[in-house]
Structure formats: C-alpha cells, structure tokens
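Trainee: Dropping a structure here in structure tokens format, bear with me for questions.
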Amino acid sequence: MKLVIAGVLHVLKEGGSWRALDVPGVAWETVYGHFRRWAKAGLWDQAMQQMKWHAGKNLGMIDSTHIKVHRDGANPAGGQEQQAMSRTKGGLNTKLHAAVDGRCQPQALILTAGTEADVLHA
C-alpha cells in the first residue's frame, strides 16, 4: 500500500500522466484505480479537512493551459513577442496562467508565451 500512496502522491506532485508512472512492483492501473476509488469515497476531501495548515487559511490553486494561435493571428502588428506568442512543437502558442481562491473565483490571469515555464509565474 505504501507504493500505491507514493505513486499517487508522485503523480499529483509532478503533474505527470498515470501511464508514465514507474513504480517498481506496482502497475500504473493499480495506482490509478486506488486513486479513483478513494476520490469517489471522499477520502481526499477528508484528508484535506484534517490537515492543520488548512485551518484558518484560504486555499488557492494555480494551473495553466496552452492556447493555439490561429494562423490568421500569427502575424500581428508589433510582432509575436509583443502578443505573448512563441513557437513550440505544435506551432504558435500562448499560455494562460490562472490563480483561483477556495471558491474557484479567479484571482489572477496572466498571458505569456507558450514556451515559458509555469513555475516562473506561480
């Protein structure tokens, strides 16, 4: 069971895919199955309520997503750098970073070039 919990925490911390999980002795399907079963049972909500750092503090979450630039907008006045565009393997992209509070209300939205790391704006 320790390996399953370690696998779940690794995926949640690193943001990788379940299929890319490499825990010796445990298949990724097993780790994902336990995670889903515990989520449906409300275990993760109960765990968050029990943590001391949760009491009295506002929780916030951050995430980002890529926005593919349409080819009609690929040559803007002022250049691509001024419009937060950059070339990635998939073509021109922009990245939208969002920070939300515990009620999922946006607190900050930032547009950056698609090649910029998320952690720089976290």
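The values are calculated or read from the model by the stated rules, or taken from the named source; none is laboratory data. These figures come from a predicted structure and were not determined experimentally. Here Cβ is always computed from backbone atoms with ideal geometry, including for glycine, and neighbour counts include all displayed protein chains. The area values use the complete protein model at the heavy-atom level, side chains included, leaving out ligands, DNA and RNA. Shrake-Rupley method; radii C 1.70, N 1.55, O 1.52, S 1.80 Å.
Trainee: What does the charge count around His66 come to, taking other residues whose C-beta lies under 13 Å from its C-beta (Lys +1, Arg +1, Asp -1, Glu -1)?
Mentor: Cβ neighbours under 13 Å give a net charge of +1.
Trainee: Leaving out ligands, DNA and RNA, and with a 1.4 Å probe, what % of the accessible surface on the chain is carbon or sulfur? Walk me through the numbers on the way to the answer.
Mentor: Numbers: 5160 of 9310 Å².
Whole-percent figure for carbon plus sulfur exposure: 55.
Trainee: Which entries of Lys13/Lys40; Lys2/Lys40; Lys2/Lys68; Lys2/Lys89; Lys13/Lys89 have Cα-Cα distances beyond 30 Å here?
Mentor: Lys2/Lys68; Lys2/Lys89
Trainee: Provide, as a two-decimal number, the C-alpha radius of gyration of the chain over 2.2 N^0.38 Å, N being how many residues it has.
Mentor: So the Cα radius of gyration is 1.39 times the expected 2.2 N^0.38 Å.
Trainee: Further, regarding this structure: Which value, in Å², gives the accessible area per residue of the chain when a 1.4 Å probe is used on the protein heavy atoms? Don't skip to the end; give the middle numbers.
Mentor: Working: 9310 Å² over 122 residues.
I get 76 Å² per residue for this part.
Trainee: For Thr115 and Ala47, compute 0.36 nm times the residue count separating them, minus their Cα-Cα distance, and round to one decimal in nm.
Mentor: So the chain would gain 21.0 nm between Thr115 and Ala47.
Trainee: In nm, to one decimal, how far is the Ser17 label point from the Ile62 one, both placed 7 Å along Cα→Cβ?
Mentor: Spacing of the two 7 Å Cα→Cβ label points: 2.5 nm.
Trainee: What is the calculated FRET efficiency for Ala39 to Arg87, with r their C-beta to C-beta distance and R₀ = 25 Å, to the nearest 0.05?
Mentor: 0.10
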